[in-house]
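Quick notes on the structure that follows.
The values are calculated or read from the model by the stated rules, or taken from the named source; none is laboratory data. All values derive from a computational prediction rather than experimental measurement. Because the Cβ atoms are built from the backbone with ideal geometry, glycine has one as well, and the counts that use them run over all protein chains shown. Heavy atoms of the whole protein, side chains included, go into the accessibility calculation; ligands, DNA and RNA do not. Shrake-Rupley method; radii C 1.70, N 1.55, O 1.52, S 1.80 Å.
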Amino acid sequence: MVAFQVLQAQDLNRRITIRASGEKPENILKEIGRQGQVHFSYNPRIFKSGEKTDLTAVDQTIGIALEQLLTPLGITYTIAENQVILRRIVKEGMTEKSGIRLNPKFTISGFIRDITTGEVLIGVNVYDKTSYKGTTSNAYGFYSLTLQSDNYQLAFSLVGYSQLLQQVSLDKDRTMNISMTEASIYMKEVEIVSGKESTGIDPAAAGEVRLSSQALKRMAGFAGNLDVLKSLQSVPGINAFGDGSSFFYVRGGNNDQNLLLIDEAPIFNPSHLFGFFSALAPDAIKDVKAYKGDFPASFGGRLSSVIDIRARDGNLNRLGFSGNLGIFTSDLTIEGPLVKEKSSFILSGRRSNLNWLSNNNNTGKAFTIGFYDLNGKINLRLNAKNRLFFTGFTGKDDFSRITNASIHTFGISWDNSTATIRWNHLFNNRLFSNTTAVFSEYNYYLYISREEDDYWHSAIRNKTLKSDLTWYMNPSNTIKAGAELSNYYSNPGNVHFSDEETQRNAPKVPGYNSLNAGIYLSNEQLIKERLMLKYGIRLSSWWNYGPATVFFYDAGHNVSDTIEVAKGSYHSPRFNAEPRISVSYNLGKEASLTAGYCRTVQYLQMLSNSTSPFTSLEVWAPSGPNIKPQQADQFTLGFITKSPRTDLNFSFEVFYKQFHNQIEYKDHANMLYNSLIEGELRFGKAKSYGAEFLLRRSKGRFNGWIGYAYSRVLKKFDEINQGLEYAASYDHPHTLFANLILKAGKRWDFAANWSYMTGAAFSSPTGFMQYNGYTIPVYGKKNNDRLPDYHRLDVSVTLRLNKQEKRFKHNLIFSVYNLYGRANPFSVSFNKIMNDNGDFVVPSDLSGSYEIIPTSISVAGMIPSLNYTFRF
């Protein structure tokens, strides 16, 4: 019925002459099309059976003639792509009796996949090109869109992929699976999305950042390795600790207030090599989405951010492999179909190549350092309505120091393990469910003697069962609901001795057993064409259960009572409601305003009074009689605009955040092997506020983003700093980022990442005093000083060794971490040095050997690396 030709709005200015009386509207449209050389698309049922009308148009434009013909019939038209599309005008409350027949509604649904690998695609915008009503594909590539019966031209759009247009005659419920093709490498380089692509569907989401695997591949990483967490730390609002640490801080939250998920399983320590590498193999990652403001109601358990990482499913169509050979690490990935187009697998492993770093010298000292990780996933399509996923991850780090002392070898080690089983079920074309079972465990070891197998050990283990439902009610409402039940066990730190007698006499710090339950309900509602409202609530609860020894403390933090909780008995229950709401308003096709409020609650906290990446003895403790659940209330306001002509996108967002029941530590707190560790804690409140700016370009040969943030994090505790407000150690008022990528020709890629932030706050002594022959530092206000400002430039150059059309692709990557060798200190030690007058110099500014007179310690200077990567 429909022919295609290029049609512009000005074509409706052509003049025609028609005189018709008592004719069917379809016949009149045919004559208009013949004279005006235009083509119409419409559902024949748009006209009533036997309906006739009149039209007299003498030397009038096609546009005026159409208005005269269609308006009395309750029909309007729009121009989309190459045709004039007719639609019946449907107003609220109109029925058959009003003279306008409401068309029935039908649903189109399906899965969206990469045409080459068969991988499902997340976050694809699916919308009608005329009305802009639409939806997005979920984390499993499923979409569902319900519209009135009519002819539609649907657009499928995702940054990094060529837009796909599909003609659909929606006269019944339809299933339509879509395959999309990656865009030319000249068109897609970096994708960093603050909100959704502006299509008129969902203009923005407050505080949301997304990185695709395509974006990660072209960013400058440490030692030629792609790094999820380091990449996110170049986005305003997410601050790094500094060199040699995976700690990161989001909008004033502490580092333990971030929830990191890999296929829905929590990772409690995502670092390798003290934070230089992330514990997630880059080839195993498909999609990363970070929430720093507008938390979906489906997420809970942390105050400040959720980093939701989705692993690749494996190639459904053909066997392939890829890898990386480098000075610091090597990795290999194998993937392919188990049964073509029905099931697939992927296995990715990485290990360090760091033996050359061992320090064997004449002092008799040496060390060994190394790590590995292994990711695996199986994807099974059972039938059109059911699908299973199995995901596993394990990783371990080990550092040993060998000396000539009686304790010959000591060191530290940590490991992560996770396993996930997920079942997708499609009840019908509008109701999607996912049920997940999760296991996650983290262990930390401080070795006293490896030869004697003596060590201090802390651990946390999680088991979770959860189910989520998504109901695509209509284009204006997407309702989500779910329930979750989790079990936690935490070992706050105990010692193990190989000698049985010593082990029997060693005191034991009791562990924690806890149960967490939650339910949620949310809706994404399109109120009007330009107004989107997201709202929901999460109800959460926490119970601790025995066997347990529970200590109670008085106002002076001394033990006032002790109870023994029997096995299976519950105590110290906590209940909380966590409302979330956000609103976005389109100012037009190229700008939108957003605002939001979010309450989050955290029942589990990491107790550690060190910010050093090398001494973070990690103890996880739950809320209970002495530790109240942490709470945060965040308010946001944002503005987003884009220029289609230049492909420049600008976003601005301000936030204010209040923290309750925050944790600090008394002076000289004992955090190691202490059964009364909760008595070392102090409780108070905090606040953070700031403004974030981001300018980005995601297409073309030269792209990337520049970001700036101003923010403050202030704490107030009655028993610390004389009750006065002070800056948190991770308070960085100014942060500035530039992440730029240039494609020079068909073979060369250049990437640079420059970052700057105000130095971290710390407590500096105001003087020294002599006491019993010892020199004692004297301190004033807490965090009264700052480290030098942090800044660093990383660069990489990629040479593509193959021609573009070849299936075997391989590259050489030369990268330099910290190009100009900036010494960014993470700690300062003040020498007790006298001047000629006998006065102490505070702080002294003498630099020297770490073993003799250290004043500051920095982790890394300039680090070059050469990597060879391949993919087939």
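The residues in segment 374-394 that are more than 11 Å from residue 313 (Cβ to Cβ) and among the hydroxyl-bearing types (Ser, Thr, Tyr) can be counted, and the count is 1. Within segment 538-569, the residues that satisfy the criterion of being out of contact with any Leu (no Cβ under 6 Å at 6 or more places or on another chain), among the hydrophobic types (A, V, I, L, M, F, W, C), assigned to a strand (DSSP E or B) and open to solvent by 60 Å² or more (accessible area, probe 1.4 Å) are 539, 552, 559, 563. Restricting attention to segment 494-515 and to residues that are assigned to a loop (DSSP other than H, G, I, E, B) and more than 30 Å from residue 572 (Cα to Cα), the residue that is most open to solvent (accessible area, probe 1.4 Å) turns out to be 499. For residue 574, state whether it is without any contact (Cβ under 8 Å) to a residue 24 or more places away in the chain and open to solvent by 20 Å² or more (accessible area, probe 1.4 Å). For residue 574, the condition - without any contact (Cβ under 8 Å) to a residue 24 or more places away in the chain and open to solvent by 20 Å² or more (accessible area, probe 1.4 Å) - is not met. Considering each residue of segment 569-584 in turn, at least one proves to be closer than 30 Å to residue 476 by Cα, in contact with a Pro (Cβ under 8 Å, 6 or more places away or on another chain) and hydroxyl-bearing (Ser, Thr, Tyr).
Is at least one residue of segment 727-740 open to solvent by 70 Å² or more (accessible area, probe 1.4 Å), touching a strand residue (DSSP E or B) at 6+ places or on another chain (Cβ under 8 Å), β-branched (Val, Ile, Thr) and in a strand (DSSP E or B)? Step through it out loud before you land on a result.
From segment 727-740, those open to solvent by 70 Å² or more (accessible area, probe 1.4 Å) are 734; that's our starting set.
So of that shortlist, the ones also touching a strand residue (DSSP E or B) at 6+ places or on another chain (Cβ under 8 Å) come out as 734.
Right, trim to β-branched (Val, Ile, Thr) and you get none.
No - not one qualifying residue is present in segment 727-740.
Selection within segment 14-47: residues that are of a type in the set (S, T, N, Q) and assigned to a strand (DSSP E or B). The member of this set that is nearest to the chain's Cα centre (by Cα) is 41. For segment 413-435, indicate whether the set of residues that are within 30 Å of residue 527 (Cβ to Cβ), in contact (Cβ under 8 Å) with a residue 60 or more places away in the chain and open to solvent by 40 Å² or more (accessible area, probe 1.4 Å) is non-empty. Yes, segment 413-435 contains at least one residue that is within 30 Å of residue 527 (Cβ to Cβ), in contact (Cβ under 8 Å) with a residue 60 or more places away in the chain and open to solvent by 40 Å² or more (accessible area, probe 1.4 Å). Among the residues making up segment 317-334, a single one is in contact (Cβ under 8 Å) with a residue 60 or more places away in the chain, out of contact with any Leu (no Cβ under 9 Å at 6 or more places or on another chain) and either small (Gly, Ala, Ser) or crowded, with 22+ Cβ neighbours inside 10 Å (or both): 320.
May I ask you to list the residues in segment 444-465 that are closer than 18 Å to residue 674 by Cα and either buried (at least 19 other Cβ atoms within 10 Å of the Cβ) or out of contact with any Leu (no Cβ under 7 Å at 6 or more places or on another chain) (or both)?
Scanning segment 444-465 gives 444, 445, 446, 447, 448, 454, 455, 457, 458, 459, 460.
Modelled with pLDDT of 95 or more, open to solvent by less than 40 Å² (accessible area, probe 1.4 Å) and either part of a strand (DSSP E or B) or closer than 30 Å to residue 120 by Cβ (or both): is that true of residue 478 in this structure? For residue 478, the condition - modelled with pLDDT of 95 or more, open to solvent by less than 40 Å² (accessible area, probe 1.4 Å) and either part of a strand (DSSP E or B) or closer than 30 Å to residue 120 by Cβ (or both) - is not met. Test residue 780 against the stated conditions and say whether it is out of contact with any strand residue (DSSP E or B) (no Cβ under 8 Å at 6 or more places or on another chain), small (Gly, Ala, Ser) and open to solvent by 40 Å² or more (accessible area, probe 1.4 Å). Judged against the criteria, residue 780 is not a match. Among the residues making up segment 636-649, those that are of a type outside the set (Ser, Thr, Tyr), assigned to a strand (DSSP E or B) and surrounded by fewer than 16 Cβ atoms within 10 Å (Cβ to Cβ) are 637, 639, 648. Scan segment 767-786 and tell me whether some residue there is closer than 18 Å to residue 662 by Cβ and part of a strand (DSSP E or B). Looking for residues that are closer than 18 Å to residue 662 by Cβ and part of a strand (DSSP E or B), one finds none in segment 767-786, hence no.
Among residues of segment 667-699 being farther than 22 Å from residue 253 by Cα, surrounded by 16 or more Cβ atoms within 10 Å (Cβ to Cβ) and under 26 Å from the mean Cα position of the chain (by Cα), the one that is modelled with the highest pLDDT is 696. What pairs come up if the first residue lies in segment 707-720 and is closer than 30 Å to residue 694 by Cβ and surrounded by fewer than 16 Cβ atoms within 10 Å (Cβ to Cβ), the second is modelled with pLDDT of 95 or more and of a type in the set (S, T, N, Q), and their beta carbons are under 7 Å apart, counting only those six or more places apart or on different chains? That search, which allows pairs on different chains as well, returns 712/688. Taking every residue in segment 154-165 that is more than 12 Å from residue 114 (Cβ to Cβ) and in a loop (DSSP other than H, G, I, E, B) and pairing it with any residue that is modelled with pLDDT under 90 and open to solvent by 30 Å² or more (accessible area, probe 1.4 Å), at least 6 positions away or on another chain, the pairs with Cβ-Cβ distances below 9 Å are 159/197; 159/699. Within segment 41-65, the residues that satisfy the criterion of being surrounded by 14 or more Cβ atoms within 10 Å (Cβ to Cβ) and of a type in the set (Gly, Ala, Ser) are 41, 57, 63, 65. Residues in segment 635-667 that are without any contact (Cβ under 8 Å) to a residue 12 or more places away in the chain and over 17 Å from residue 718 (Cα atoms): 645 alone. Screening residue 727 against (1) of a type outside the set (D, E, K, R); (2) touching a residue at least 24 places away in the same chain (Cβ under 8 Å); (3) within 14 Å of residue 798 (Cα to Cα) leaves a single unmet condition, (3). If the condition is being open to solvent by 40 Å² or more (accessible area, probe 1.4 Å), free of Cβ contacts under 8 Å to residues at least 40 places away in the same chain and polar (S, T, N, Q), then segment 785-832 contributes only 829. Of the residues 176, 187, the single one that is open to solvent by 30 Å² or more (accessible area, probe 1.4 Å) and either at pLDDT below 50 or within 19 Å of the chain's Cα centre (by Cα) (or both) is 187.
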